[in-house]
Amino acid sequence: MEDRIADNLSNVKERVAAAAKRSGRTPDSIRLVAVTKGRSVAEIQTVLAAGASDIGENRVQEAQQKYAPVNSLTESAENPGPTDKVCRWHLIGHLQRNKVKPAIEMFSLIHSVDSMRLLAEVARRSEGHGQQTDVLIQVNTTGEASKYGLGSDALLDFMEESLTYPAARIVGLMTMGQLSHSPEANRPAFALLRTLAGKVSAHRFPGVTMQYLSMGMTNDFEIAIEEGATLVRIGRAIFGTSPESL
C-alpha cells in the first residue's frame, strides 16, 4: 500500500506541475489536497509520509474520528514532528450549521460556505473562540440543481453582505464540476469561477481576498489548473478506486 500511494502521489504532482507550466505558473502556486473521505488513518499516515501536506475531508463526523490519531503521530524520519505542524486540514464537503463548532476547531480552511446563514454561524462560533476562520464561498457554476452553491449572479451582493461577519474571513471561491467522462466539459465552469474571482477582486471588498480558487478533482484537475485553480482536490488518483473516491 505504501509504495502504491507514494508512486501515485508522485505521478499526480508531476501532472500538476505540467498543467501549471501550460498555464504559465509554477507548481508551487497550486496546493494539492489529498481527499481522504473513506480512507483509513493508516492511509492518511502513508500519504503524509509520502510528502502530502494537505488533506481534505467531506464530513465533519468522519474527520472527528481521524483528527486526533493523525495529529498524534510520533516523530519519524519521513514525517518529523506531529502532523499538526505539517498537515493542513480542509473541509471540502457540505457543512451543516450544527457542525460549525467542531469544524472551526479542526479545519484550516472550509471550502463550502454557501449561504449567509452559514457564514454568520461560522463568524459567531469563531468570535467565541477568539479566532478568524478562513473560508471559501461555494459557487454553483454548472447550473445543476443537485449542487450546492450560490448562483454566480448572487456573488457580489453576497460579498457585500459578508462584511458584517469579519470573523469568517473569505479568502477565495470553490466550485464543483459536473460528472463527465470528458474533462473538457468542465472548462467553462472553471473559467467562470476565475472570472467571478476577478470581479470580486475588482470591487476591493475590505478583508476579502481571492487567494484561492478551489476547483478540479481526479477527472479534471489539469483542466482546472489551466483555468486558474490554486487548490485541487484529489482522492482516487492518489489512493486508487473506492466507492467514495473523488
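Descriptive notes on the structure:
- Estimated at 0.36 nm per residue, the fully extended path between Arg236 and Val171 surpasses their Cα-Cα distance by 20.7 nm.
- Sites Ser182 and Phe205, calculated FRET efficiency, Cβ-Cβ separation with R0 30 Å, nearest 0.05: 0.25
- The relative contact order of the stretch 55-203, computed from alpha carbon pairs under 8 Å that lie at least 6 residues apart in sequence, is 18 percent.
- Label positions at Leu156 and Arg15, each projected 7 Å from the Cα along the C-beta direction, are separated by 3.7 nm.
- Only helical runs count toward this figure. For the chain, summing -39,500 (n - 2.57) over DSSP H runs of n ≥ 4 and dividing by all residues gives -12000 deg cm²/dmol at 222 nm.
- Alpha carbon centroid spacing (whole Å) that separates the stretch 186-246 from the stretch 1-68: 15
- Three-way shape call for the chain based on the alpha-carbon gyration tensor, with the a/c threshold at 1.5: oblate
- Shape class of the stretch 81-147 from the alpha-carbon gyration tensor: oblate, with a/c at 1.5 or above and b/c at least as large as a/b.
Coordinate-derived values only; no laboratory data. Predicted, not measured: the structure shown is a model, and the values here were computed from it. Counting neighbours? That spans all protein chains shown, and the Cβs are built from the backbone with ideal geometry, glycine included.
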